[in-house]
Amino acid sequence: MKKILSIDGGGIRGVIPAVILAEIEHRTRRPVAEMFDLVAGTSTGGILALGLTKPGDDGRAEYDAAALVELYEGEGATIFRRSPWRRFIALENLLDEKYPADGLEEVMRRYFGDVPVSQALTEVLVTSYDIEHRQPYLFKRHKARSDPRREWPMWQAARATSAAPTYFEPAELPLNRGKSHLALVDGGLYANNPAMCGYVEARKIWPEETDFMVVSMGTGELTRSIPYDDAKNWGLAKWAQPILGVVFDGVSDAVDYQLRDLCEDEATRVSQYHRFQVVLTEGNDDMDDASRTNIKVLRLLAENLVELGDRELKELCAALVG
């Protein structure tokens, strides 16, 4: 059996899957990179996927999931940081991205350094979208190992996958000694839930394999309504950011529906698909609310899911180490 871990995008809400994965690592006493054959991530999920598979000096995972929970708690305010001057010149995000990229890049460089994607401890897939060539661009360990043109430092992959339009400017990755480049934005535009991408990639890497387990981590189901009376008069400016949430949430739900059907054995009706998701009935669902209060609420939602889903977690942990 090949085991696939997928982690959704969702900005600061990445603390939710990080808490759940920390519980899984605690129960199994094994790092994610040893339990899964492939880890896929989008945006904040891409940062987690890279963080959980980054090798340390001893050849083992440098970060466990608990350390990445601390990334959100300690670095969220740095990533989503802007000055009053930035707020002024961007006209509250109408004329420019909401945040300068320097805070995001500072944190990604510090956590990942120059470690290349090819050195990930297990197969990894991180999504982004090339706005100049108008096509998905996927960072993959096995591709980086076979083609030098697909090799990038982890920090650049993390920067690219999390470049959400209207929040951060696109990531520019130089090609051919700077004579051309890739212009990449958040892969959530087409794969906010990258579980299907991970499933398809696993089937391509291991074509003889017939048994796949998919573990999919969400970053919270949106519940905030967009009233018709408000939206019917919205133009481009007012739809710009709300539409991202609609697209990201809709894409995630569609992939969840597809994989529930694909991963069910027709004869036994037993599913090898596990989706862990909370409903955001509390806290702020904005991907950039890095306040201590909101992060604490998101942690509590994740901890409550762990408590309520104790039986499924026990079964999953047994399967992961069995």
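The values are calculated or read from the model by the stated rules, or taken from the named source; none is laboratory data. Here the structure is a predicted model, which is why all the values come from computation and not from measurement. Cβ: placed from backbone, ideal geometry, glycine included. Neighbour counts: every protein chain shown. Please note that ligands, DNA and RNA were not included when accessible areas were found on the heavy atoms of the full protein model with its side chains. Shrake-Rupley method; radii C 1.70, N 1.55, O 1.52, S 1.80 Å.
General observations
- Residue count for the range 132-169, restricted to those that are within 17 Å of the chain's Cα centre (by Cα) and farther than 27 Å from Ala33 by Cα: 3
- Search result, residues across the range 1-33 that are outside any loop (DSSP other than H, G, I, E, B) and among the basic types (Lys, Arg): Lys2, Lys3, Arg13, Arg27
- Within the range 89-101, none of the residues are among the acidic types (Asp, Glu) and modelled with pLDDT of 95 or more.
- Hey, Ala191 closer than 19 Å to Tyr99 by Cα and surrounded by 24 or more Cβ atoms within 10 Å (Cβ to Cβ) or not: no
- Residue in the range 57-65 that is more than 21 Å from Ser118 (Cβ to Cβ) and surrounded by fewer than 24 Cβ atoms within 10 Å (Cβ to Cβ) present: yes
- All helices (runs of 4 or more DSSP H) inside the range 143-234 with 1 or more residues being at pLDDT 95 or above and in contact with a Cys (Cβ under 9 Å, 6 or more places away or on another chain): 195-205
- Listed by first and then second residue, the pairs linking a residue in the range 61-73 that is over 16 Å from Ala120 (Cβ atoms) to a residue that is among the aromatic types (Phe, Trp, Tyr) and assigned to a helix (DSSP H, G or I), with Cβ atoms under 8 Å apart and 6 or more places separating them unless they lie on different chains, are Leu71/Tyr111.
- Residue in the range 235-285 that is modelled with the highest pLDDT, counting only those that are assigned to a loop (DSSP other than H, G, I, E, B) and open to solvent by less than 30 Å² (accessible area, probe 1.4 Å): Val278
- Single residue of Gly45, Gly41 found to be under 22 Å from Pro136 (Cβ atoms), assigned to a strand (DSSP E or B) and at pLDDT 95 or above: Gly41
Condition check ((1) closer than 25 Å to Leu262 by Cα; (2) touching a residue at least 60 places away in the same chain (Cβ under 8 Å)) across all residues:
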{"residue": "Ser118", "(1), (2)": "no, no"}
{"residue": "Leu125", "(1), (2)": "yes, yes"}
{"residue": "Tyr137", "(1), (2)": "yes, no"}
{"residue": "Ala160", "(1), (2)": "no, no"}
{"residue": "Asp186", "(1), (2)": "no, yes"}
{"residue": "Tyr190", "(1), (2)": "yes, yes"}
{"residue": "Ala195", "(1), (2)": "yes, yes"}
{"residue": "Arg203", "(1), (2)": "yes, no"}
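- Flag for Thr166 being open to solvent by 10 Å² or more (accessible area, probe 1.4 Å) and closer than 21 Å to Tyr72 by Cα: yes
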